[in-house]
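Novice: Below you will find the structure I want to go over with you.
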Amino acid sequence: MFYIGVINIKKILLFCLAIILIPFIVVNIFIKNEEIIFNFNSNSMVRVYRNNYDRIDRIPIEEYVVGVVAGEMPISFDIEALKAQAVASRSYVMYHITKNKNKDYDVVDTVLNQVYLDYDDLKNKWGSDYISNINKIKEAVIATNGEYLVYDDKIVEAMFFSTSPGVTENSEEIFSNSVPYLRSVSSTWDEISPVYTDIKKFKKDEFYNLLNIDFSEKLNVQILETTSTGRINKIIINSNKLSGKEVVSKLQLRSSYFDIVEYDDMIVVNTKGYGHGVGMSQYGAQGMAIDGYSYDEILKHYYSDIEIKKF
């Protein structure tokens, strides 16, 4: 009887184990391979001008945020960095919805505002990794559902960019006006970025042609004005006065934090950072996430004196 009792106990234990494991297996094998679907009871709409299609799409904000996070931040980034991007992108579009309510559309789907990719774009981009990737993005958006940034009870235009040279910029030194939450802050985590530094080499005639200035065998560079962190605002190249933005645009540089040197028959431009430098550094956010910071800590570092609210 003892032997029979042991057998029965084993059967009972195996049965209980099966009851526990079957749902786990179903969730991990089947549900994991299905895309998370958003169901909205109500959701504000954003009017997005689709540049490649020359049309305006009306998109629920949370769906739009998914497409922006996917378009603006590498899918390999830590979930806390993706959450920070979701809140920043939601704040940015809410600011522009309010600002552009009397216009035909709120934002464009390019770097002029925020890069937005729809589900078809992402399926083409990710291929067989689409479901796992889109679910990772959606988890970040769900975790921050409805959260946005305010300063003095007003929605923040949460600007962001790829990589800083170690410090972000004050808004008025890059753009036209001073914004209290877009202050220069340290961003030492950016060295993990693959675009932290860049070197571009030009033949002399190519260099001068791109800048639309007269050829010269000798290069003479004089920096007239920089930001407080060292980005070039105004520069003279062989008696030609140019803005840093002009040089960046014409030479297709990654940032206005650069220097120009002559080397034999070449002209070499060394650049640090990528993007305008105002607001949240995306690689800085990733570095902070790797170091254990939460998304709200990341946001409060890059946007000065802001609060996180939820609609």
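The values are calculated or read from the model by the stated rules, or taken from the named source; none is laboratory data. Keep in mind that what you see is a predicted model, and the values were worked out from it rather than measured. Here the Cβ positions follow ideal geometry from the backbone for every residue, glycine too, while neighbour counts run over all protein chains shown.
Novice: Tell me, which strands (runs of 3 or more DSSP E) wholly within segment 258-311 include 3 or more residues that are under 28 Å from G244 (Cα atoms)?
Specialist: 258-263, 266-272
Novice: On to the next question. Considering each residue of segment 97-117, count those that are part of a loop (DSSP other than H, G, I, E, B) and in contact with a helix residue (DSSP H, G or I) (Cβ under 6 Å, 6 or more places away or on another chain), and give that number.
Specialist: Within segment 97-117, residues that are part of a loop (DSSP other than H, G, I, E, B) and in contact with a helix residue (DSSP H, G or I) (Cβ under 6 Å, 6 or more places away or on another chain) number 5.
Novice: Another question, then. Among what's in segment 225-241 and is surrounded by 15 or more Cβ atoms within 10 Å (Cβ to Cβ) and not in a strand (DSSP E or B), pick the residue that is farthest from the chain's Cα centre (by Cα).
Specialist: Restricting to residues being surrounded by 15 or more Cβ atoms within 10 Å (Cβ to Cβ) and not in a strand (DSSP E or B), the top hit is N238.
Novice: Name the residues in segment 118-131 that are touching a helix residue (DSSP H, G or I) at 6+ places or on another chain (Cβ under 6 Å) and of a type in the set (S, T, Y), would you?
Specialist: Result: Y130, single match.
Novice: Separate question: Is there any pair with a first residue in segment 235-263 that is under 12 Å from G275 (Cα atoms) and a second that is among the acidic types (D, E) and surrounded by fewer than 18 Cβ atoms within 10 Å (Cβ to Cβ) whose Cβ atoms are under 7 Å apart and which are 6 or more apart or on different chains, and what are they?
Specialist: Pairs found: R254/D198.
Novice: Exactly one condition in (1) in the same structural domain as V69 (by TED's automatic domain parsing); (2) crowded, with 18+ Cβ neighbours inside 10 Å is not met by G244; state its number.
Specialist: (1)
Novice: Further, regarding this structure: For residues that are assigned to a helix (DSSP H, G or I) and among the charged types (D, E, K, R), scanning just segment 78-95, find the one that is nearest to V111 (Cα to Cα).
Specialist: Filtering segment 78-95 for residues that are assigned to a helix (DSSP H, G or I) and among the charged types (D, E, K, R), the one nearest to V111 (Cα to Cα) comes out as R90.
Novice: Those residues that are free of Cβ contacts under 8 Å to residues at least 60 places away in the same chain and either surrounded by 13 or more Cβ atoms within 10 Å (Cβ to Cβ) or closer than 18 Å to V248 by Cβ (or both), I need them from segment 192-215; list them, please.
Specialist: Initial filter on segment 192-215 (free of Cβ contacts under 8 Å to residues at least 60 places away in the same chain): 194, 205-206, 208-215.
Result: E206, Y208, N209, L210, L211, N212, I213.
Novice: Now for a separate question. Could you pull out the residue among I232, I260 that is in contact with a strand residue (DSSP E or B) (Cβ under 7 Å, 6 or more places away or on another chain), farther than 30 Å from D305 by Cα and outside the structural domain of D291 (by TED's automatic domain parsing)?
Specialist: Selected residue: I260, the only one of I232, I260 that is in contact with a strand residue (DSSP E or B) (Cβ under 7 Å, 6 or more places away or on another chain), farther than 30 Å from D305 by Cα and outside the structural domain of D291 (by TED's automatic domain parsing).
Novice: Taking segment 119-147, which residues are charged (D, E, K, R) and out of contact with any strand residue (DSSP E or B) (no Cβ under 8 Å at 6 or more places or on another chain)?
Specialist: Result: D120, D121, K123, K125, D129, K136, K138, E139.
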